[in-house]
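K.L.:
Below you will find the structure I want to go over with you.
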Amino acid sequence: MKFFITCAVIVFIAAVVIAAGFVGDAAESEIAIDSAAAVNQALAAESQAIVQPDAPAAAGEVAVANTVDAVAAVEAQIEPADVPFDTLPVYDALLALNFSADDSLLLDRNTLAALQAMEAALGPDADADAVAQLRQLLEEALPAGIALQLMELTSQYSAYRRAELDVRAALSPHTADPMQGYDQLVALRRTYLGEEAAGKLFAEEEAQLPYMTSAFAVARDENLTQEARRARLSELQAAFNDTASRMDSPLAKQVLAARVARMRAGGASEEEIFALRNRLLGSAEAQRLAEADQATGVAR
(Lines give C-alpha, C1' and ligand atoms only; values in the text may rest on other atoms or scores of the structure.)
Protein backbone atom coordinates (compact mmCIF):
# COMPACT_ATOMS: atom_id res chain seq x y z
CA MET A 1 0.00 0.00 0.00
CA LYS A 2 2.88 2.40 0.72
CA PHE A 3 3.60 2.14 -2.98
CA PHE A 4 0.65 4.53 -3.33
CA ILE A 5 2.81 7.38 -2.10
CA THR A 6 6.47 6.43 -2.47
CA CYS A 7 7.14 7.56 -6.06
CA ALA A 8 5.36 10.89 -5.81
CA VAL A 9 6.85 11.49 -2.39
CA ILE A 10 10.47 11.10 -3.54
CA VAL A 11 10.12 13.67 -6.33
CA PHE A 12 8.04 15.97 -4.15
CA ILE A 13 10.68 15.95 -1.40
CA ALA A 14 13.50 16.52 -3.87
CA ALA A 15 11.68 19.49 -5.39
CA VAL A 16 11.03 21.06 -2.01
CA VAL A 17 14.66 20.59 -0.92
CA ILE A 18 15.94 22.23 -4.13
CA ALA A 19 13.50 25.09 -3.74
CA ALA A 20 14.62 25.56 -0.16
CA GLY A 21 18.12 26.34 -1.36
CA PHE A 22 16.83 29.48 -3.05
CA VAL A 23 14.42 30.74 -0.46
CA GLY A 24 16.18 29.74 2.79
CA ASP A 25 15.20 27.29 5.43
CA ALA A 26 11.53 27.10 6.33
CA ALA A 27 10.65 28.21 9.83
CA GLU A 28 9.99 25.28 12.12
CA SER A 29 6.27 24.87 12.86
CA GLU A 30 5.06 24.69 16.46
CA ILE A 31 2.19 22.54 17.68
CA ALA A 32 -0.81 24.82 18.05
CA ILE A 33 -3.01 23.47 20.83
CA ASP A 34 -4.69 26.86 21.18
CA SER A 35 -4.99 27.69 17.47
CA ALA A 36 -7.98 29.70 16.29
CA ALA A 37 -11.33 27.97 15.85
CA ALA A 38 -11.26 29.07 12.20
CA VAL A 39 -8.47 26.58 11.48
CA ASN A 40 -10.60 23.69 12.66
CA GLN A 41 -13.56 24.93 10.63
CA ALA A 42 -11.39 25.25 7.55
CA LEU A 43 -10.07 21.73 8.05
CA ALA A 44 -13.59 20.36 8.29
CA ALA A 45 -14.68 22.29 5.20
CA GLU A 46 -11.68 21.23 3.16
CA SER A 47 -12.13 17.57 4.15
CA GLN A 48 -15.52 17.59 2.48
CA ALA A 49 -13.98 18.95 -0.74
CA ILE A 50 -11.99 15.80 -1.46
CA VAL A 51 -13.65 13.95 -4.31
CA GLN A 52 -14.19 10.24 -3.81
CA PRO A 53 -12.93 7.95 -6.60
CA ASP A 54 -15.46 6.75 -9.17
CA ALA A 55 -14.70 3.13 -8.23
CA PRO A 56 -12.49 1.60 -5.54
CA ALA A 57 -9.18 0.14 -6.65
CA ALA A 58 -8.66 -3.58 -6.24
CA ALA A 59 -6.77 -4.63 -3.11
CA GLY A 60 -3.04 -4.09 -3.60
CA GLU A 61 -3.53 -2.21 -6.90
CA VAL A 62 -1.46 0.93 -7.44
CA ALA A 63 -3.79 3.96 -7.23
CA VAL A 64 -1.80 6.15 -9.62
CA ALA A 65 -2.58 5.04 -13.17
CA ASN A 66 0.48 6.60 -14.77
CA THR A 67 3.26 7.14 -12.25
CA VAL A 68 5.53 9.05 -14.61
CA ASP A 69 2.82 11.55 -15.57
CA ALA A 70 1.66 11.91 -11.97
CA VAL A 71 5.17 12.62 -10.69
CA ALA A 72 5.81 15.11 -13.49
CA ALA A 73 2.55 16.90 -12.69
CA VAL A 74 3.44 17.15 -9.00
CA GLU A 75 6.93 18.40 -9.78
CA ALA A 76 5.60 21.05 -12.16
CA GLN A 77 3.25 22.42 -9.52
CA ILE A 78 5.88 22.84 -6.80
CA GLU A 79 7.11 26.39 -6.38
CA PRO A 80 8.37 28.02 -3.15
CA ALA A 81 5.38 30.37 -3.01
CA ASP A 82 2.99 27.41 -3.20
CA VAL A 83 4.19 25.87 0.07
CA PRO A 84 2.81 27.79 3.09
CA PHE A 85 4.28 25.31 5.58
CA ASP A 86 7.12 22.81 5.85
CA THR A 87 5.87 19.69 4.09
CA LEU A 88 8.85 17.42 4.78
CA PRO A 89 7.81 16.37 8.34
CA VAL A 90 4.34 15.60 7.02
CA TYR A 91 5.68 13.37 4.27
CA ASP A 92 7.99 11.63 6.75
CA ALA A 93 4.97 10.83 8.92
CA LEU A 94 2.87 9.66 5.96
CA LEU A 95 5.60 7.23 4.92
CA ALA A 96 5.26 5.49 8.30
CA LEU A 97 1.50 4.88 7.99
CA ASN A 98 0.34 1.28 8.19
CA PHE A 99 -2.37 -0.30 6.04
CA SER A 100 -4.39 -3.50 6.24
CA ALA A 101 -4.52 -6.20 3.59
CA ASP A 102 -7.53 -4.49 1.99
CA ASP A 103 -5.66 -1.15 1.85
CA SER A 104 -7.56 0.44 4.74
CA LEU A 105 -5.67 2.83 7.01
CA LEU A 106 -4.71 1.28 10.35
CA LEU A 107 -5.29 3.68 13.22
CA ASP A 108 -2.26 3.27 15.46
CA ARG A 109 0.60 5.28 16.96
CA ASN A 110 1.97 6.03 13.48
CA THR A 111 -1.34 7.57 12.47
CA LEU A 112 -1.29 9.60 15.68
CA ALA A 113 2.22 10.80 14.79
CA ALA A 114 0.93 11.85 11.37
CA LEU A 115 -1.89 13.86 12.96
CA GLN A 116 0.64 15.54 15.25
CA ALA A 117 2.89 16.34 12.29
CA MET A 118 0.05 17.86 10.28
CA GLU A 119 -1.13 20.00 13.20
CA ALA A 120 2.43 21.17 13.82
CA ALA A 121 2.96 21.96 10.14
CA LEU A 122 -0.18 24.10 9.96
CA GLY A 123 0.86 26.08 13.04
CA PRO A 124 -1.20 28.48 15.15
CA ASP A 125 -1.91 30.96 12.37
CA ALA A 126 -2.88 28.59 9.58
CA ASP A 127 -5.37 30.05 7.13
CA ALA A 128 -7.58 28.54 4.45
CA ASP A 129 -4.68 28.50 1.97
CA ALA A 130 -2.54 26.39 4.32
CA VAL A 131 -5.39 23.97 4.92
CA ALA A 132 -6.00 23.74 1.16
CA GLN A 133 -2.30 22.99 0.65
CA LEU A 134 -2.52 20.19 3.20
CA ARG A 135 -5.57 18.77 1.43
CA GLN A 136 -3.72 18.90 -1.92
CA LEU A 137 -0.68 17.22 -0.38
CA LEU A 138 -2.78 14.36 0.97
CA GLU A 139 -4.71 13.93 -2.27
CA GLU A 140 -1.47 13.68 -4.27
CA ALA A 141 0.14 11.25 -1.82
CA LEU A 142 -2.77 8.97 -0.92
CA PRO A 143 -5.99 7.51 -2.32
CA ALA A 144 -8.89 9.97 -2.02
CA GLY A 145 -10.74 8.01 0.66
CA ILE A 146 -7.73 7.89 2.97
CA ALA A 147 -6.91 11.54 2.29
CA LEU A 148 -10.45 12.46 3.31
CA GLN A 149 -10.20 10.32 6.43
CA LEU A 150 -6.97 12.01 7.50
CA MET A 151 -8.37 15.49 6.91
CA GLU A 152 -11.35 14.69 9.12
CA LEU A 153 -9.12 13.16 11.80
CA THR A 154 -6.85 16.22 11.75
CA SER A 155 -9.84 18.48 12.36
CA GLN A 156 -11.03 16.30 15.25
CA TYR A 157 -7.55 15.97 16.70
CA SER A 158 -7.01 19.75 16.64
CA ALA A 159 -10.26 20.23 18.57
CA TYR A 160 -9.20 17.62 21.11
CA ARG A 161 -5.82 19.30 21.61
CA ARG A 162 -7.46 22.61 22.42
CA ALA A 163 -9.74 20.92 24.94
CA GLU A 164 -6.74 19.09 26.37
CA LEU A 165 -5.00 22.41 27.03
CA ASP A 166 -8.00 23.60 29.05
CA VAL A 167 -7.95 20.42 31.16
CA ARG A 168 -4.23 20.61 31.83
CA ALA A 169 -4.48 24.32 32.72
CA ALA A 170 -7.01 23.44 35.43
CA LEU A 171 -4.78 20.79 37.04
CA SER A 172 -2.82 21.53 40.17
CA PRO A 173 0.71 22.66 39.30
CA HIS A 174 2.02 21.28 42.59
CA THR A 175 1.46 17.58 41.97
CA ALA A 176 3.81 15.08 40.36
CA ASP A 177 1.04 12.52 39.85
CA PRO A 178 1.05 11.63 36.11
CA MET A 179 -2.47 10.23 36.44
CA GLN A 180 -4.00 13.49 37.67
CA GLY A 181 -6.81 14.37 35.27
CA TYR A 182 -5.90 11.45 33.00
CA ASP A 183 -9.36 9.88 33.08
CA GLN A 184 -10.77 13.20 31.92
CA LEU A 185 -8.33 13.31 28.99
CA VAL A 186 -9.24 9.75 28.04
CA ALA A 187 -12.91 10.74 27.98
CA LEU A 188 -12.13 13.88 25.93
CA ARG A 189 -10.39 11.81 23.28
CA ARG A 190 -13.52 9.75 22.80
CA THR A 191 -15.71 12.84 22.73
CA TYR A 192 -13.76 14.45 19.88
CA LEU A 193 -12.40 11.42 17.99
CA GLY A 194 -14.97 8.74 18.74
CA GLU A 195 -14.61 5.59 20.82
CA GLU A 196 -13.06 3.42 18.11
CA ALA A 197 -10.58 5.95 16.70
CA ALA A 198 -9.43 7.20 20.11
CA GLY A 199 -9.06 3.67 21.43
CA LYS A 200 -6.77 2.74 18.54
CA LEU A 201 -4.78 5.97 18.23
CA PHE A 202 -3.97 6.11 21.95
CA ALA A 203 -4.03 2.37 22.65
CA GLU A 204 -0.38 2.05 23.58
CA GLU A 205 -0.29 5.11 25.82
CA GLU A 206 -3.51 4.15 27.58
CA ALA A 207 -2.09 0.69 28.30
CA GLN A 208 1.46 1.73 29.19
CA LEU A 209 0.94 4.80 31.37
CA PRO A 210 -1.37 3.21 33.99
CA TYR A 211 0.83 0.10 34.07
CA MET A 212 4.06 2.05 34.56
CA THR A 213 2.49 4.34 37.16
CA SER A 214 1.10 1.40 39.14
CA ALA A 215 4.33 -0.57 38.89
CA PHE A 216 6.35 2.42 40.09
CA ALA A 217 4.03 2.89 43.06
CA VAL A 218 4.31 -0.80 44.01
CA ALA A 219 8.10 -0.71 43.72
CA ARG A 220 8.25 2.24 46.14
CA ASP A 221 5.67 0.92 48.63
CA GLU A 222 7.65 0.31 51.82
CA ASN A 223 4.71 -1.48 53.43
CA LEU A 224 5.04 -4.42 51.03
CA THR A 225 7.32 -7.37 51.68
CA GLN A 226 9.70 -8.43 48.92
CA GLU A 227 7.51 -11.43 48.18
CA ALA A 228 4.32 -9.36 48.05
CA ARG A 229 6.02 -6.75 45.85
CA ARG A 230 7.24 -9.37 43.38
CA ALA A 231 3.80 -10.99 43.25
CA ARG A 232 2.04 -7.66 42.62
CA LEU A 233 4.53 -6.60 39.93
CA SER A 234 4.10 -9.97 38.25
CA GLU A 235 0.31 -9.49 38.20
CA LEU A 236 0.65 -6.03 36.70
CA GLN A 237 3.07 -7.29 34.04
CA ALA A 238 0.77 -10.16 33.08
CA ALA A 239 -2.22 -7.83 32.79
CA PHE A 240 -0.25 -5.38 30.65
CA ASN A 241 1.05 -8.13 28.36
CA ASP A 242 -2.47 -9.45 27.86
CA THR A 243 -3.77 -5.98 26.98
CA ALA A 244 -0.83 -5.18 24.70
CA SER A 245 -1.14 -8.50 22.87
CA ARG A 246 -4.65 -7.59 21.77
CA MET A 247 -3.64 -4.26 20.22
CA ASP A 248 -3.43 -3.79 16.46
CA SER A 249 -0.10 -1.99 16.78
CA PRO A 250 3.68 -2.45 16.59
CA LEU A 251 3.77 -2.85 20.39
CA ALA A 252 1.30 -5.73 20.21
CA LYS A 253 3.42 -7.52 17.63
CA GLN A 254 6.53 -7.13 19.79
CA VAL A 255 4.79 -8.34 22.94
CA LEU A 256 3.25 -11.35 21.19
CA ALA A 257 6.54 -12.25 19.48
CA ALA A 258 8.35 -12.16 22.84
CA ARG A 259 5.62 -14.26 24.40
CA VAL A 260 5.86 -16.88 21.64
CA ALA A 261 9.66 -16.93 21.98
CA ARG A 262 9.35 -17.62 25.72
CA MET A 263 6.84 -20.38 25.04
CA ARG A 264 9.17 -22.05 22.55
CA ALA A 265 12.10 -21.74 24.94
CA GLY A 266 9.95 -23.43 27.58
CA GLY A 267 9.16 -26.34 25.29
CA ALA A 268 5.66 -25.35 24.12
CA SER A 269 4.32 -27.16 21.08
CA GLU A 270 3.36 -25.49 17.81
CA GLU A 271 -0.26 -26.40 18.59
CA GLU A 272 -0.06 -24.41 21.84
CA ILE A 273 1.47 -21.45 20.02
CA PHE A 274 -1.23 -21.62 17.35
CA ALA A 275 -3.91 -21.68 20.05
CA LEU A 276 -2.48 -18.51 21.63
CA ARG A 277 -2.34 -16.68 18.31
CA ASN A 278 -5.80 -17.89 17.36
CA ARG A 279 -7.22 -16.51 20.62
CA LEU A 280 -5.54 -13.12 20.20
CA LEU A 281 -5.46 -12.64 16.43
CA GLY A 282 -8.02 -14.97 14.90
CA SER A 283 -7.58 -18.18 12.92
CA ALA A 284 -6.57 -16.60 9.60
CA GLU A 285 -3.68 -14.59 11.06
CA ALA A 286 -2.65 -17.49 13.29
CA GLN A 287 -2.47 -19.74 10.23
CA ARG A 288 -0.46 -17.15 8.29
CA LEU A 289 2.07 -16.85 11.10
CA ALA A 290 2.31 -20.64 11.45
CA GLU A 291 3.05 -20.97 7.72
CA ALA A 292 5.66 -18.20 7.97
CA ASP A 293 7.31 -20.03 10.87
CA GLN A 294 7.42 -23.22 8.78
CA ALA A 295 8.91 -21.39 5.79
CA THR A 296 11.66 -19.76 7.86
CA GLY A 297 12.42 -22.89 9.88
CA VAL A 298 11.40 -21.30 13.19
CA ALA A 299 8.75 -23.92 13.91
CA ARG A 300 9.96 -27.23 15.22
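The values are calculated or read from the model by the stated rules, or taken from the named source; none is laboratory data. In this text the structure is predicted, and so the values were computed from the model without any measurement. Using ideal geometry, Cβ is built from the backbone for each residue, glycine included, and neighbour counts are taken over all protein chains shown. Just the protein is used for accessible areas: all its heavy atoms, side chains included, with ligands, DNA and RNA removed. Shrake-Rupley method; radii C 1.70, N 1.55, O 1.52, S 1.80 Å.
K.L.:
Check whether at least one residue in the stretch 141-156 is hydroxyl-bearing (S, T, Y), crowded, with 19+ Cβ neighbours inside 10 Å, part of a helix (DSSP H, G or I) and modelled with pLDDT of 90 or more, and report yes or no.
P.N.:
Taking the stretch 141-156 as the starting set, the residues that turn out to be hydroxyl-bearing (S, T, Y) are 154-155.
The next check asks that each one be crowded, with 19+ Cβ neighbours inside 10 Å; those that pass are 154-155.
From what's left, part of a helix (DSSP H, G or I): 154-155.
Narrowing further to those that are modelled with pLDDT of 90 or more: 154-155.
Within the stretch 141-156, one or more residues are hydroxyl-bearing (S, T, Y), crowded, with 19+ Cβ neighbours inside 10 Å, part of a helix (DSSP H, G or I) and modelled with pLDDT of 90 or more.
K.L.:
Given the options A198, A207, A215, A219, name the one that is assigned to a helix (DSSP H, G or I), open to solvent by less than 60 Å² (accessible area, probe 1.4 Å), free of Cβ contacts under 8 Å to residues at least 24 places away in the same chain and closer than 22 Å to L97 by Cβ.
P.N.:
Answer to the check: A198.
K.L.:
Among the charged types (D, E, K, R), touching a residue at least 40 places away in the same chain (Cβ under 8 Å) and open to solvent by 20 Å² or more (accessible area, probe 1.4 Å): does that describe D127? Steps first, answer last, please.
P.N.:
Details: among the charged types (D, E, K, R): yes; touching a residue at least 40 places away in the same chain (Cβ under 8 Å): yes; open to solvent by 20 Å² or more (accessible area, probe 1.4 Å): yes.
Yes; evaluated as a whole, the condition is true for this residue.
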